[in-house]
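Novice: Please find one structure pasted underneath; my questions will follow.
The values are calculated or read from the model by the stated rules, or taken from the named source; none is laboratory data. Every value quoted in this text rests on a predicted model; they were computed, and no experiment measured them. Methodologically, a virtual Cβ is constructed for each residue, glycine included, from the backbone with ideal geometry; neighbour enumeration extends over all protein chains shown. Only protein heavy atoms, including side chains, enter the accessible area calculation; ligands, DNA and RNA are left aside. Shrake-Rupley method; radii C 1.70, N 1.55, O 1.52, S 1.80 Å.
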Amino acid sequence: MRSARLSIIHAAMLQPLKALTFLQTPRAAIKRRYFLSSSSSPAPSPHYPDLVSAVSDILSAARWKKNPEILRLTPKLRPHQVSEILDTHRNAKQALEFFYWISRRDFYKHDVCCAMAMLNRLIRDQILMPLDRVRIMMIKGSRDELELRQAVGFLNELGRKGFRPTLYSYNTLLLQLGKFEMVDLAREVYTQMLSEGVKPSLLTFNTMVNIFCKEGKVQEALLIFSKISQHEMIPDAFTYTSLILGHCRNGNVDSAFEVFDRMVKRGCDPTAATYSTLINGLCKKGRVDEALNLLAEMSEKEIKPTVYTYTVPITALCEEGRVEEAIQLAGGMKKRGCHPNVQTYTALISGLSEAGLIEMAVGMFHKMMKVGLIPNTITYNALINLLCVDGRFDIAIKVVGMMERNGYLPNTRTYNEIIRGLCCTEDMEKAMVLFDRMLKRSPFPNVVTYNTLIGGYVKLGNLSNAVRLLDFMKQQRCVPDEWTYGELITGFCRGGKLGEAYALLQDMVGQGISPNHVHYTALIDGCCKEGKIDEALSLFKKMENIGCIPITESYNALISGLSRGNQFSEAEKLVSEMVDRGVKPNVITYTSLIDGLVRNEGVAMVLFDRMLKRSPFPNVVTYNTLIGGYVKLGNLSNAVRLLDFMKQQRCVPDEWTYGELITGFCRGGKLGEAYALLQDMVGQGISPNHVHYTALIDGCCKEGKIDEALSLFKKMENIGCIPITESYNALISGLSRGNQFSEAEKLVSEMVDRGVKPNVITYTSLIDGLVRNEGVDLAFKIFHEMESKSCPPNSFTYTSLIYGLCQEGKVEDAAKMVDEMEKKGVAPDLVTFTSLIDGFVMVGKLDHAFSLLKRMMDAGSVPNYRTYGVLLKGLQKEYQLVSEKVVAQHETVYSSTSVDTYVNIDMVFHLLTRLSEIGCEPTVDTYTSLVMGLCREGRSAEADQLVGNMKEKGMSPSRDAYYNLLVAYCKKSEVDPALRVFDSMVDEGIEPRLTIYRALICALSRVGRIDEGKCLFKSMLENRWNVDEIVWTILIDGLLKQGNSDLCMKFLYILESEKCNISLFTYEILGRELSKADCSIEAEQIADRLRVLRQGHCS
């Protein structure tokens, strides 16, 4: 509507108009033309129907200004009523006097229509002297672009009737057009002025130059500038300053300085405005130091800077983080008698806030209030933002109240800042209270508000409320954007709810929003985490097909999924594709590969080596991933070496690094090393948290050191590290297993008193301890309490009870518990079934045990060697009973073995036959479990027979089967069968790990077959390995550990002769280990190498 009115008015100015018939129109015509068309003129007030007449009557008196009634009635007048009085009052001069008089009242302001009415009346009554003054009042009184266009159109109409504006009127009009940045109309007015023969003044030219320069139209400004000399005028400081402004607006500060130099050469002294403009231009280009030099130059030339002159560089310094310099500059400002204003203080408050100097920022705000300056909305927002950053949300909300009391309405950004802070601290309740206030009072929430709240709910995992907010924002006609859906889709994918994520994608497309890389990356990541790699690859392809170019994060998500899915070659191809497409792999790319490969010993370290040599350099996440991988493999030596290496590489370990290591050593039963790591961590300035203490407490409990665990628990509390549920659970488990049940119960009560809620693991720990100490009845009592406390038991709870019942021979009751589990939706696991199978074997019900095995396998639970061992025990017992019957029948003396005696290979093959008979055909997994179990028992020959049986049945032995068999032979120094297994592995494409090479090389050295060991080592070097890891694993943890320092050094020479780059760090480790082994000669040789290497490194 507004744009339509603008176009109509603009057309009226540019096209010839009809005769000014309205100059003698009756009152109704004036109403029709001016009052009804003006959006700013309301309908006459029904409360004062005779107001116009009453005021007109008073004006008829000679001394009307003294009449008290005029002072009572005029505040009730509206502009349209004043227009009517001006048009209808019988005396034009009195009407003019009233026009001037009311314009000076505080309670009233003319609109354009009032001035039009006054001009019409003056022309009608031929009173022409005041025309120019009224014209100027009309121009100056125009409150917006629309009114100014109306004024220009009316002036054009007057001009065509011979009442043309004077130079003064034109200059005023150009100034007003410049104020509203109406460049095109200013150009037209200027052209019209020249065409009417009105001679421009310097003010005219300066105004036009300034109008063009404010918009960066320097070329047009220069054309006007050239007219100044043509009219024999001299440009002044304002002219040059405007040109400087134009160049600065275009970012061309050097050209601005050229104008400045020309100005000085021509004897025109720069003003404070000139310097301020240049200083602003320099600051916007980031040339703050040059701006400060100009400020100093002003002081030297005794040109007094304005507040604006100082505020601009103060703001720039704050944005660059140079807050101290900004404060010093503000101090110097005061010394020169120039006091900071609201904008200056706001800049300082924002700068201090960004620098994290919260207290100083708050102090600056109080100082501002103390000197009598009223903060504006920007100041309040800056203060609120810093309070939110500091977590002082209650104070931030009070500041909102202060804003309102001082007459400043908080805007949407104000509320959004507080809501964002509350969401970051997961205080959604308070965030929603503020949201409710916005809905009731205004400002109304915008898309940023909704996105922040949705993001907050997603962060908490409350996806239901997040979706409800999406629906609510649609209902409130606030259109969701790609960020809205990005938050939601990412949240649902992380929560494993891919179906809902896809539905949101469809909804998004339905809203007309095209999915971008954020949405596709989230879905790809979600699919990969669910193991749906093919679906992820399909999404990746679809993403490319629709022109949505994958970014580094998209590739990283897919690379991580492929790596974890053991599709390493595909992952490597994707990295190559990234590089070919100009998408640079980052540290996360390589860390994702490493994370998937940590179980594939050696390969992960090759990638790590590549990162060290090429970049991106490993970060703390990379090191933590590798350390975590070594910990999972049980290779704690290499894990600690990596910790030392990361320190040497100046990558600072964090609490996660030490958490992985301390947990690993505690689980490995190495408490001394775990305590040493804790001390090292404290020495690094990292405070231990509940993860570290919980790991140590758990480690102590598993070692039976309950008093030490209790002491750690107390120490943890004393240093202000509040124990969490897991901390209590570790100690409760230890106490329960140690038959200190009353102490464990007290600890549960203490948990509740301290507001730490016991969970299913807490109660299961109590139950497990009781059943292991013949307290099954009491265990069941706790089990029933769990249900009453709305803490449903899990598979571990049921398994503990089933184990206890089986130990008491109550296998039928145990079987019923399995049925109960399944009815309640709790799936029995491997341990559950194995415990129950063991129970039935103990009571001699072997057939029932095998039935349970089938039920177990049908449920998707894979038996392990413990399961098969229980069944082998049953088969052995069955065989013994049959043998005893045969002996009894023949009355022959029979010497039988116990149930727990050696189970021969025939019994294993009998087990495999029984499995086939019950419909559980042995698989690769079956054989692998049996092979691994036999190898752990040192029965490599029987394990080898099983591997042969697998091959006879057309099955390929697994990597784990081969590895365990080879290591078992090596432990017994049976190198020939070990080498045969090694060859079989290689023939089948299974790449041996470093630990396999270590086992073989060490075994060969023990039996004196050194040359074969060297040949194997050299052939190994043909593959890709991390050289440092070779030294760590084979030389140090292999040869040196078994006391073969001489051979260790010979293998080192092989590495050096092959030009393998061993790090200084690894040489240092090797030197230390040789010294520990009392190999002084070899240690000295390593020290010599280190000296040479360091010299080369320094040069």
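Novice: Could you tell me which trypsin sites (Lys or Arg not before Pro) in the range 426-492 are loop residues by DSSP with no more than 12 other beta carbons within 10 angstrom of their beta carbon?
Specialist: Within the range 426-492, the qualifying trypsin sites (Lys or Arg not before Pro) (loop, at most 12 other Cβ atoms within 10 Å) are ARG477.
Novice: Additional query: Just the number: Rg to Rh for the chain, Cα atoms, Kirkwood Rh, two decimals.
Specialist: On the way: Rg = 44.2 Å, Rh = 39.0 Å.
Using Cα coordinates only, the ratio equals 1.13.
Novice: Accessible area, 1.4 Å probe, largest first: how do GLU544, GLU570, GLU1029 sort?
Specialist: Reading off the accessible areas and sorting them downward yields GLU570, GLU544, GLU1029.
Novice: Give me the accessible area per residue for the range 689-772, probe 1.4 Å, as a whole number in Å².
Specialist: Ligands and nucleic acids excluded, the result is 46 Å² per residue.
Novice: Could you give the accessible area per residue of the range 199-280, probe 1.4 Å, as a whole number in Å²?
Specialist: Ligands and nucleic acids excluded, the figure is 45 Å² per residue.
Novice: Could I ask something else about it? Starting from the Cα gyration tensor of the range 689-772, take the square roots of the eigenvalues, sort them a ≥ b ≥ c, and report rounded, prolate or oblate (rounded when a/c is under 1.5, otherwise prolate if a/b is larger than b/c, else oblate).
Specialist: It is oblate, given that a/c is not under 1.5 and a/b is not larger than b/c.
Novice: If you find the alpha carbon centre of the range 621-668 and of the range 440-518, how far apart are they in angstrom?
Specialist: Cα centres, the range 621-668 to the range 440-518: 39 Å.
Novice: Follow-up. My understanding is that a pair violates if its Cα-Cα distance is over 24 Å; which of LYS217/LYS284; LYS824/LYS854; LYS757/LYS781; LYS971/LYS1059; LYS632/LYS1041; LYS670/LYS705 do that in this structure?
Specialist: Distance filter (> 24 Å) returns LYS971/LYS1059.
Novice: Could I ask something else about it? How far is the Cα center of the range 998-1068 from the Cα center of the range 115-138, in Å?
Specialist: The range 998-1068 and the range 115-138 have Cα centres spaced 106 Å from each other.
Novice: How large is the helix-only mean residue ellipticity at 222 nm for the chain, computed as the sum of -39500 (n - 2.57) over DSSP H runs with n ≥ 4, divided by its residue count, in deg cm²/dmol to the nearest 500? The partial results should precede the final answer.
Specialist: Values: 61 runs with 776 residues, N = 1099.
Here the helix-only value at 222 nm equals -22500 deg cm²/dmol.
Novice: If I compute solvent accessible area with a 1.4 Å probe over the protein chains, what percent of it on the chain is carbon and sulfur?
Specialist: Its accessible area is 52 percent carbon and sulfur atoms.
Novice: Loop-only trypsin sites (Lys or Arg not before Pro) in the range 702-755, please: DSSP not H, G, I, E or B, and at most 14 other Cβ atoms within 10 Å.
Specialist: Sites meeting the loop and neighbour criteria: ARG754.
Novice: Sort ARG104, ARG322 by accessible area with a 1.4 Å probe, largest first.
Specialist: In descending accessible area the options line up as ARG104, ARG322.
Novice: Just by accessible area at a 1.4 angstrom probe, what is the order of VAL831, VAL606 from largest to smallest?
Specialist: Accessible-area ranking of VAL831, VAL606, largest first: VAL831, VAL606.
Novice: Roughly how many Å² of ASP471 are accessible to a 1.4 Å probe, to the nearest 10?
Specialist: Estimated to the nearest 10 Å², ASP471 gives 80 Å².
Novice: Would you calculate the separation in nanometres between label points at ALA62 and LEU633, each defined as 7 Å from the Cα along the Cα-to-beta-carbon direction?
Specialist: Taking the two extended label points, one gets 11.5 nm.
Novice: Let me cross-check CYS1002: its accessible surface, 1.4 Å probe, with only protein heavy atoms counted, in Å² to the nearest 10?
Specialist: 10 Å²
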